[in-house]
Every structure is written in structure tokens, then in C-alpha cells.
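The values are calculated or read from the model by the stated rules, or taken from the named source; none is laboratory data. All figures in this text were calculated on a predicted structure; none of them were measured in a lab. Methodologically, a virtual Cβ is constructed for each residue, glycine included, from the backbone with ideal geometry; neighbour enumeration extends over all protein chains shown. To get the accessible areas, we keep the full protein, side chains included, count just its heavy atoms, and leave off ligands, DNA and RNA. Shrake-Rupley method; radii C 1.70, N 1.55, O 1.52, S 1.80 Å.
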Amino acid sequence: KGNEVTFQGDRLEPDYKELPGQWGKIWLSAGSKNNIIDWAIIKNGNIGVQADTVVTPGIPNVCLTNTIIKNMQVAALYGLGTRIWSTNCVFANCGQYVAALTIGGSYKFEQCTFANFWTGGQRTTPLLVMNNHYVDYTGMTQIRNLDSCYFGNCILYGDIAEEIGIDSLAGAIFSYKFDHCILKTNLNTSNGIHYNGIIKNSDPLFKDASNNNYQLSTSSPAINSGNTTIVIPYDLNNHLRSDGSPDLGAYEFY
């Protein structure tokens, strides 16, 4: 904290400080594995991190911790049948998706904030999309299992009516769970297989989302609403989560 690695464009004038689309992406291509990104700020590109398929069972393509990915023209996080494990991260402010988790894979997010209040045009896509299929070069639909997609003590909130996109085909695994999360959605969250401890359509009251400040305000419903069995000792500000009742998202309220 305070000495993060920053990925951004090379224009340093004030007008470019928070301008999306200035560079391409960090691309972890197929077969790349055991990558670690910790204490980074990745901003102002087209895609923050794109992770392609990894074939080694149980091995992550990338572990993302204590990282902010924001101001992307397309998406902060783009997974294609990959494995991503993430804690204490903010994924925010993108022209299409904040996280596109496509063609199956395995994902685990704990104490993460997903937020989208894009001002660069009218956004029609949800901040999160998950699917278990793709169309190949012959036009045939191919099924790929979504083995697991877990969100624990997370916030997924934005400024359009539906921020959760679920696109599943029968005949393949489509396993996901939101565990103690704030969700902006019209989906039915009463199914205990996929949802537990959900706060639905309740504004998390970020301090200043218009300036990418996703820390919590005093009256936020995220405060003390987390699953106590998820133990991430420090938040993205390096503050100790010490009261035994973790807040939702990457930031503990102080």
C-alpha cells in the first residue's frame, strides 16, 4: 500500500489522467499459469486483464490481490475458460463489462468490489456476465463448463437496472454462488444453491463513485454484513478487519 505498481498510458497531462482507451490490455495467453498481480493499479486501457484458457487442473491462471482495475473502454477483467482467484480488489468503471467470465472456467472472488457508473456513453450491458458456451468458427455452439464461480463478501452494483448477466446452456455445468453480497439485479435471489445472505438492490453508499472512490459511507448497508467465515485480515487500505464482522467489498469502513 502506497507503493503500488501502476499500468497506464504514457500521456501524463491532466486531461489523460482518468481517460479510458489509451492502451490495449494485459494478456495472459492460453497455458499461462501461476501469475500473481498484487498491489497494482491498472487503468485507462481497453481491457485490464485478459486471461485465456489454462488446462492444468487446480492451478490458477492468475491470482489478483490488493489491486484496482478501472476506467477501461471494454472490461476490467475478461476471462475465457480460465481460473482466476481474487481478494481485496476493485473492478470498476468500464464501457461494457466490469467482469466478463466467459466460456466456462473457475473463479473465486472474496472481499471484492465490482462497480460501474460509466459516464463515457450509454451503457446497456451488465457489469458482470457469466456463460458456459461459445460459437466456433463453423458456427456451431460449443459447451464449456463453468465449474465454479464464487463471490463471497462482495459488492456488485451499478447504475443500470440489471447488473448480473447469466447466460447458460443446458447440458453443461453452470455452478455459481453469491454469498453475502450486495447485488443490483432483478433476478430471483431466493434459491439457496446460488444465493446466500443477499442484500438486493440496496445502494452500498460509496463515498464518491463519480471519482472512483468505492470506500463505504457511514450508513452503508455493507457494513458488518459479511460472512464471518471468510477471513481476509486486511482490506485494500491495509486496515485490519478486526471487529469479527467484516464489511462487504474491498474496503472496511473506518
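Pairs from the list K17/K177; K70/K184; K43/K184 with a Cα-Cα gap above 30 Å: K17/K177.
Each of P204, N227, S168 was scored by the projection of its Cα onto the charge dipole of the stretch 163-231, and the greatest displacement toward the positive side belongs to N227; charges sit on the C-beta of Lys, Arg, Asp and Glu.
Trypsin sites (Lys or Arg not before Pro) within the stretch 120-228: which are DSSP loop residues with at most 10 other Cβ atoms inside 10 Å?
Listed in order of number, the matching sites amount to none.
Over the stretch 1-73, the reciprocal of the mean inverse Cα-Cα separation, the Kirkwood hydrodynamic radius, stands at 13.1 Å.
Report note on the peptides 13-20, 46-53, 224-231: ranked by the mean count of other C-beta atoms within 10 Å, highest first, their order is 46-53, 224-231, 13-20. Protection proxy ranking of 191-199, 98-106, by the mean of other Cβ atoms within 10 Å over each peptide's residues and highest first, is 98-106, 191-199. In the chain, the DSSP beta bridges split such that about 10 percent are antiparallel, to the nearest 5. Within the stretch 118-201, the proportion of Cα pairs with more than 15 Å between them is 63 percent.
Can you tell me the convex hull volume per residue for the stretch 1-160, based on C-alpha atoms, in Å³ to the nearest whole number?
Residue-normalised Cα hull volume stands at 123 Å³.
Its Cα centre serving as origin, the chain has a Cβ charge dipole (Lys and Arg +1, Asp and Glu -1) of approximately 280 debye. Carbon-plus-sulfur fraction of the accessible area of the chain, 1.4 Å probe, in percent? Answer for the chain: carbon and sulfur cover 50 percent of the accessible area.
For a label point 7 angstrom out from the Cα of T119 toward its Cβ, which stretches of the stretch 21-59 have the backbone nitrogen within less than 17 Å? Answer for the stretch 21-59: 21, 44.
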